[in-house]
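The next block holds one structure in the form of structure tokens; read it before the comments.
The values are calculated or read from the model by the stated rules, or taken from the named source; none is laboratory data. Computed from a predicted model, the values in this text were never measured in an experiment. Virtual Cβ from ideal backbone geometry, glycine too; neighbours counted across all protein chains shown. These area figures cover heavy atoms from the full protein model, side chains too; ligands, DNA and RNA do not enter into them. Shrake-Rupley method; radii C 1.70, N 1.55, O 1.52, S 1.80 Å.
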Amino acid sequence: MSRYEPLKIEAKWQERWETEQSFVAVEKAGVPKMYIAEMFPYPSGAGLHVGHVRNFSIVDCLARFYRQNGLNVLRPFGYDTFGLPAENYAIKTGVSPQEATETNIASFRKQLKRLGYAIDWSREFSTSDPEYYRWTQWCFLQLYKKGLAYQAENYQWWCPVDQTVLANEQVEGGRCWRCGSEVEKKKMKQWFFKITEYADELLDEIDALDWPEKIKTMQKNWIGRSEGAEIDFAVDGSKEKIKVFTTRPDTLFGATFLVLAPEHPAVEGLANDDTKQKVDQYRTEAMKKSDIERQENKEKTGVFTGAHAINPATGEKMQIWVADYVLMGYGTGAIMAVPAHDGRDFEFATKFELPIRKVVEKPETLVDDEICYTGEGELVNSGNFDGEQSSEAREQIVAWLEQQEVGKKKVIYRMRDWLISRQRYWGAPIPIAYDKDGKAHAVPEDQLPVILPKIDDYTPDNSGRSALAKHPEWMEVEIDGKKMTRETDTMDGYACSSWYLWRYCDAHNNKKAWSPEKVNYWAPTDVYVGGDHAVAHLLYVRFWCKFFADQGLLDFREPVKKLLYNGYINAPDGKKMSKSKGNVIDPLDIIDQGYGADTLRTYELFIGPYDLDAAWDTKAIGGVYRFLNRCYNLTFGEGENSKGEAQVKAPLTEVARHRTIKKVTEDLHRNSFNTAVAALMEFVNELYKNPHTSEDLTVLARLLKPFAPHLASEMLEKLGADDVWPEWDEKYLVSDTVEIVVQVNGKLRARVMVAKEAADDAAQLEEAVRADEKVKAQLEVKQVIKVIALPKKRLVSFVIK
RNA sequence: GGGCGAGUGGCGGAACUGGUAUACGCGGUGGACUUAAAAUCCGCUUCCCAAAAGGAUUAUGGGUUCAAAUCCCAUCUCGCCCACCA
């Protein structure tokens, strides 16, 4: 008898798939397509880890499942290669990012092949290929042409360690997402993509997406739409006006002072001789503080500017203060303070003894002893608006302000435009050059790509520019006959990953970024699988999709139909795997220990629901190996461990077979991989116990193939069968007699076998159940008040007294 | 502080629409095979009780229902996201 030797089987099938180019996808008119992808990885020097394997195995399982179901499947693969780690590695070791990336990709590719993934390798690319970033630069130019790529000088997040600016999305709790160091504010001229242009659409279409609620909520929070009004407050004795944003214009009559952010440009002109020194000192100190420090101390601080504003509703003079609880980055950087109806204003007013005026009456039903009431209610002390409901007064007051031209309705977003300049070498150069007056010009499309030159010293020079600035020979360029200087910033890596899903559909087009026919055949991506980038990447792809749809280059406005967000694989102790802790599990080690790729893949799908984090269990993987071994023995064994081929048709396994087909099929449709594997295990246990047929084994192998493709292929070859996904017949799932559960006063008291015909009718069912001895004994002494017979649920419930 | 989600054996988890709680796997344990071990195969394994009968049990306390892990309310715990956002 032969033994299950996964490594041998796997090498054989991997070689065959390679030579036969088994997974090359071709557009086929009239055949339903299925485009499945994972979020492409950054190929780090550490190689694949088990977290990747989980992510990729989900994709592969679905891709193979749909392929077996006759769909035209696209399952591509690529690499997100630009980024800091390669550059920092280069600075440390002198190995160029180009070289390191190539080496890393080679090892990733080797590992991926050893996992037996059904990848269309003909479409492979990485974002640092000039032939790829040529089109990333082209995308930039399209945005530039439409005014959606622009330059602005402003305070930006700056990471002093990585020496680059960061997008808002890359600042996590005041720290750099890459290196964890505290970020600073630095005033710089930078490139932006105008994602806010699409803020409303990005927000409004979230609800319709078949994405996890968690991700949808995060995106909504991130966009952070708020509706309100912008109101002008005249400065007393000056022509100056201060614009404030408020979501509660209904409380305007209760605004008793204004507060400006320390960075607010108007502050300077407001201070008088008496207050100037104090104001300047407060501003300097506040601006020195990092955001983390500002957040740590929530005790309100602030200074009076000495100036007053006029409340446009009451005509009253109100003091103008400076305080750091007002943020320059949100709204207008100035607020009207309504201490009676805002907690923060209340705290501030109490501390500095500023007036508090109630303008919203708490509904009497509310017995709330809070002095500051932030809810809705009837307006008081509000002139003509007294007696209105606050929720309705909002509109009325705004209309009144609009009439007097001192305010207007306004919607603002928490989301900022996307800052894409990076002062680093290892990224796609921004295709812009400056003339001698410093004016920006687009590099003509026929001069793309702007090649990232090979250099020796990658260290930024501390000037706020990338290492490219040290190469004047590269920076010089002639455009339309004029000498110009190239932009030395490169693009955020997220720009590169914002369109790769479409490049997969037409990966080697050297005339265009993609041909719309090909992309519109495959895309949008039907299933996109990842465990990271909940906001940034997934928001950017949606943004570019809408933009390119508007340019007529895509027929769809949402790039991802279904998003699966998989959980992490943690170390056995539940902690994150990390190199420094030395608790990393190497997938190749597991394979080479003799378990093989099939066991590893199946184990990672069996470990738990795909969307939850799971802890690696070194022992549990043995259980999956035993299961595959049993599959092998059923097919290749000579009877020692199985009951062999049945001479007659075996009704027992027939039922189990159809039940299993149904269960596995339905489970895969709802992405319940762990229960699908469990169903296969049950089926195998059944086959061990009962005489079975080669039909049983064929079905087993077909159902097993998405999980353990090598072994399943080997089994199918032996059985002389194809891998077409089997169908179940409901007729096998109903038997002549059915088990009826009998409950008495809600408790399970008996299980009674009843003929199916009788069980299908409520009256007959009750009669049949009452005939049972055990049930009789239960019902004998007491009076039956109510009987509920449910044929469909196979249940009878008695209530007795 | 606000929002969302989750709490089921020794462990990972199953129960999809309220209807047999604890599938499947790990671990544990008993047996078969073996001189022995490994591998393999076959049992048992939520808890209480010597066994059966029986009882209890899905974080805790209430409620709705003939029937609740599932629905509702409150409390506790954990996780994630947002957060001086006007």
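Name the single residue, out of those in region A:318-347 being of a type in the set (F, W, Y) and more than 19 Å from A:T305 (Cβ to Cβ), that is farthest from RNA strand B (Cβ to nearest atom). My answer is A:F346.
Would you pick out the residues in region A:101-133 that are part of a helix (DSSP H, G or I) and of a type in the set (D, E)? Within region A:101-133, A:E102, A:E131 meet the criteria. Here is a check on your reading of the model: is A:A679 near RNA strand B (Cβ under 9 Å from one of its atoms) and at pLDDT 95 or above? The answer is yes for A:A679. When each of A:R225, A:R283 is tested for being over 30 Å from A:Q396 (Cβ atoms) and more than 9 Å from RNA strand B (Cβ to nearest atom), the lone residue that passes is A:R283.
Of all residue pairs spaced 6 or more apart or on separate chains, those with beta-carbon atoms under 6 Å, a first member in region A:737-755 that is farther than 14 Å from A:E766 by Cα and more than 6 Å from RNA strand B (Cβ to nearest atom) and a second member that is at pLDDT 85 or above and assigned to a strand (DSSP E or B) are A:R749/A:V742. Scan region A:240-256 and give yes if some residue there is within 9 Å of RNA strand B (Cβ to nearest atom), among the aliphatic types (A, V, I, L, M) and not in a loop (DSSP other than H, G, I, E, B), otherwise no. Looking for residues that are within 9 Å of RNA strand B (Cβ to nearest atom), among the aliphatic types (A, V, I, L, M) and not in a loop (DSSP other than H, G, I, E, B), one finds at least one in region A:240-256, hence yes. Exactly one residue out of A:G574, A:G567 is at negative phi, within 16 Å of RNA strand B (Cβ to nearest atom) and either open to solvent by 10 Å² or more (accessible area, probe 1.4 Å) or within 20 Å of the chain's Cα centre (by Cα) (or both), and it is A:G567. Of everything in region A:475-532 that is among the aromatic types (F, W, Y) and either open to solvent by less than 30 Å² (accessible area, probe 1.4 Å) or not in a helix (DSSP H, G or I) (or both), the residue that is farthest from A:I455 (Cα to Cα) is A:W522.
Within region A:686-696, is even one residue basic (K, R), open to solvent by 10 Å² or more (accessible area, probe 1.4 Å) and either part of a strand (DSSP E or B) or within 20 Å of A:D598 (Cα to Cα) (or both)? No: zero hits. Looking at A:D60, A:D80, just one residue is charged (D, E, K, R), farther than 19 Å from A:G596 by Cβ and in contact (Cβ under 8 Å) with a residue 24 or more places away in the chain, and that residue is A:D80. Taken as a whole, region A:777-793 holds at least one residue that is within 29 Å of A:L652 (Cα to Cα), modelled with pLDDT of 85 or more and crowded, with 16+ Cβ neighbours inside 10 Å. Residue check: A:T350 meets all listed conditions (1) within 11 Å of RNA strand B (Cβ to nearest atom); (2) among the polar types (S, T, N, Q); (3) open to solvent by 50 Å² or more (accessible area, probe 1.4 Å) but one, namely (1).
Yes or no: A:K187 open to solvent by 60 Å² or more (accessible area, probe 1.4 Å) and at pLDDT 90 or above? Taking the combined requirement at face value, the residue does not satisfy it.
If the condition is being surrounded by fewer than 22 Cβ atoms within 10 Å (Cβ to Cβ) and under 17 Å from A:G567 (Cα atoms), then region A:589-604 contributes no residue at all.
For region A:183-201, does any single residue satisfy the condition of being free of Cβ contacts under 8 Å to residues at least 24 places away in the same chain and not in a strand (DSSP E or B)? So far as region A:183-201 goes, no, none of its residues is free of Cβ contacts under 8 Å to residues at least 24 places away in the same chain and not in a strand (DSSP E or B).
Restricting attention to region A:140-155, does a residue exist that is within 16 Å of RNA strand B (Cβ to nearest atom), in contact with a strand residue (DSSP E or B) (Cβ under 9 Å, 6 or more places away or on another chain) and either at pLDDT 95 or above or not aliphatic (A, V, I, L, M) (or both)? Within region A:140-155, one or more residues are within 16 Å of RNA strand B (Cβ to nearest atom), in contact with a strand residue (DSSP E or B) (Cβ under 9 Å, 6 or more places away or on another chain) and either at pLDDT 95 or above or not aliphatic (A, V, I, L, M) (or both). I'd like the residue in region A:149-174 that is free of Cβ contacts under 8 Å to residues at least 24 places away in the same chain and either in contact with a Lys or Arg (Cβ under 8 Å, 6 or more places away or on another chain) or part of a strand (DSSP E or B) (or both) and, out of all such residues, is surrounded by the fewest Cβ atoms within 10 Å (Cβ to Cβ). Looking at residues that are free of Cβ contacts under 8 Å to residues at least 24 places away in the same chain and either in contact with a Lys or Arg (Cβ under 8 Å, 6 or more places away or on another chain) or part of a strand (DSSP E or B) (or both), I get A:E172. Of all residues in region A:364-386, those satisfying the criterion of being at pLDDT below 90, open to solvent by 50 Å² or more (accessible area, probe 1.4 Å) and either assigned to a loop (DSSP other than H, G, I, E, B) or of a type in the set (A, V, I, L, M, F, W, C) (or both) are A:E364, A:T365, A:L366, A:V367, A:D368, A:D369, A:E370, A:I371, A:T374, A:E376. Note on region A:308-347: among residues that are more than 19 Å from A:M287 (Cβ to Cβ) and touching a Pro at 6+ places or on another chain (Cβ under 7 Å), the one that is surrounded by the fewest Cβ atoms within 10 Å (Cβ to Cβ) is A:F346.
Restricted to region A:602-652, and to residues there that are of a type in the set (A, V, I, L, M) and closer than 17 Å to A:M715 by Cβ, the residue that is modelled with the lowest pLDDT is A:L634.
Considering only region A:90-100, I want to know if a residue exists there that is buried (at least 23 other Cβ atoms within 10 Å of the Cβ), hydrophobic (A, V, I, L, M, F, W, C) and touching a Gly at 6+ places or on another chain (Cβ under 8 Å). The answer is no, given that none of the residues of region A:90-100 is buried (at least 23 other Cβ atoms within 10 Å of the Cβ), hydrophobic (A, V, I, L, M, F, W, C) and touching a Gly at 6+ places or on another chain (Cβ under 8 Å).
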